[in-house]
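Since every read-out is calculated from the coordinates, none of them should be taken as a lab result. Bear in mind that the values here come from a model prediction, so they are computed numbers and not experimental data. Cβ: placed from backbone, ideal geometry, glycine included. Neighbour counts: every protein chain shown.
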Amino acid sequence: MMVSGPVRTAPGDQGYDKDMLADTMSTTISEDHRLLINAVRDYARGELLQLDAKWDREESSCCERLDQLYEMGLMGLRVPEDHGGLACPMLPYAHIIRELAYASPAVAVSVSVHTMVCEAVKMFAQDAVRDQLQQQLATPDNLSAFAVSEPDVGSDPAAVKTRAEKVPDGWKLHGSKFWVTNGLTGRWFSVLARAGDTGGNKDLSMLLLDARQDAVERRPIHGKMGIRGSETGEMNLDGAFVPAEHMLGEPGDGLKITLSALDGGRIGIASQAVGIGQACLDLMVSYAKERHQFGQPIADFQAIQWMIADSKTDLDASQLLIDQAALAKDSGRPFTCEASLAKLFASEAANRIAYRAVQVHGGSGYINECRVEQLYRDARITTIYEGTSEIQRHVIAREMLKDA
Ligand SMILES: Cc1cc2nc3c(=O)[nH]c(=O)nc-3n(C[C@H](O)[C@H](O)[C@H](O)COP(=O)(O)OP(=O)(O)OC[C@H]3O[C@@H](n4cnc5c(N)ncnc54)[C@H](O)[C@@H]3O)c2cc1C
């Protein structure tokens, strides 16, 4: 069968500012951060795009490129400058995740999850170790992961069963964690565990585990539909030791820290979704111009134009919601609702756009040589992790009813 249409290559360069969408908010990005976003864009499209297809095909880990990401400072984006990071505000950070996701949704989620843990350490680590941990997290071989989910625990993190047993000088962890992004190469794991036995939320604590010990056993989870280059692992903790000073916050703060970390993480996942959506839209536009049927480019058909128009509308609305959430976080305002609005809309929008991208490509879009086939599968996870769409609606409604 002849397969026509764009394959796994970068679409025509449109220039960052043309993609920049709603400039009312985005103009608050400094010149330095615009340069950084452009550098990430060039790097991602030049270096990661082709690799991403290989990682997907082979189901191999995108962590093979971690050294480059550390070199560019992308693993310390939100770490303060005096601890070796870039101290990037949330707004440009979101645009950086979007640029990474455009070329590699797998790399984008790896950076986003690591950043979420960096943020939790910055906000909640004990004074005695905070500076040193932040410095370490921005240094190679210190990838981090967020280990909340368990085989029987997903949307309801308060139900975790992993136990933290008090021992002299610290804690020993017993239990299993599941679905851990960065779970194989990662060194530092933010583990939600039950340290008390009242059965309530105050039993939950967050412990920063160094996984380099025998009591930690890790295995890859294979067979994912999408983001196949992203490492997903399961881990058994058989008495793994965490020193007392590596508890984040106070005993009993575990759920609060989980929800706080997820608020920031959701801006990252929304941005991942916009990156996927933008890549789909660019491919849709270039294919519509080059594919001819009935003696004319399919771009001349109104049905195709409407799919392009609806996708552009979805993308701009998504980016505005992300910018709103990121600006709220940057200004120190509560942003739980804004983050859920962005995550809900952008992830659902990315799926709509990916669907349209396959449709515009016709049969060519159904073949794995065509980039949109992978993006369609990659988009699917964005409505599931870091809170499903149903959970985002629950958060938004709860915030609305609370305000009323
Ligand atoms: C590739 C991948 C990577 C992941 N990475 C991580 C990670 O790094 N760290 C981590 O801790 N977890 C991670 N997860 C887990 C992810 O966060 C969960 O899959 C997600 O939160 C949903 O949980 P669940 O799969 O157990 O579904 P469930 O919670 O069992 O939900 C099943 C269905 O029921 C619905 N539902 C549940 N509760 C309600 C409710 N109250 N109201 C309405 N509907 C509801 C859900 O929306 C969903 O449709 C990852 C998952 C995947 C697939």
Q | Candidate aspartates and glutamates - alpha carbon under 20 Å from Lys289, same-chain residues fewer than 8 apart omitted | A | Asp13, Asp19, Asp300, Asp310, Glu369, Glu373
Q: Pick out, in residue order, every one of the chymotrypsin sites (Phe, Trp or Tyr not before Pro) in segment 288-332 that is DSSP loop and has at most 10 other C-beta atoms within 10 Å; say none if there are none.
A: Phe294
(Q) My understanding is that a pair violates if its Cα-Cα distance is over 23 Å; which of Lys122/Lys161; Lys54/Lys312; Lys172/Lys202; Lys256/Lys402 do that in this structure? (A) Lys122/Lys161; Lys54/Lys312
Q: Compute the long axis of helix 254-290 from its Cα atoms, compare it with the longest principal axis of the Cα atoms of the chain, and write down the angle in degrees, 0 to 90, nearest 10.
A: 10 degrees
Q | Rounded tilt (10° steps) of 49-58 against the dominant C-alpha axis of the chain | A | 70 degrees
Q. Relative to the Cα centre, what is the charge dipole magnitude of segment 256-403, using +1 at the beta carbon of each Lys and Arg, -1 at the beta carbon of each Asp and Glu, and rounding to the nearest 20 debye?
A. 260 debye
Q: With +1 on each Lys and Arg Cβ and -1 on each Asp and Glu Cβ, and nothing else charged, work out how big the dipole of the chain is about its Cα centre, in Debye to the nearest 20.
A: 820 debye
Q | Per-residue Cβ neighbour rank within 10 angstrom, fewest leading, Glu150, Glu58 | A | Glu58, Glu150
Q) Hey, how many Å between the Cα centroid of segment 338-404 and the Cα centroid of segment 216-262? A) 24 Å
Q: Treat the count of other C-beta atoms within 10 Å as a stand-in for reagent exposure and order Ile97, Ile308 from fewest to most.
A: Ile308, Ile97
Q. By how many degrees, between 0 and 90 and to the nearest 10, does the Cα long axis of helix 105-124 differ from the longest principal axis of the chain?
A. 30 degrees
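Okay, helix-only estimate at 222 nm for the chain: each DSSP H run of n ≥ 4 adds -39500 (n - 2.57), divide by all residues, round to 500 deg cm²/dmol; what do you get?
Rounded to the nearest 500, it is -16000 deg cm²/dmol.
Could you tell me the calculated FRET efficiency between Met123 and Lys202, based on Cβ-Cβ distance and R0 = 22 angstrom, to the nearest 0.05? Show your work: numbers first, answer last.
On the way: r = 19 Å, r/R0 = 0.88.
Efficiency at R0 = 22 Å is approximately 0.70.
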**Q.** Amide H partners (placed H, <5 Å) of Trp171, local residues excluded
**A.** Val242, Ala244
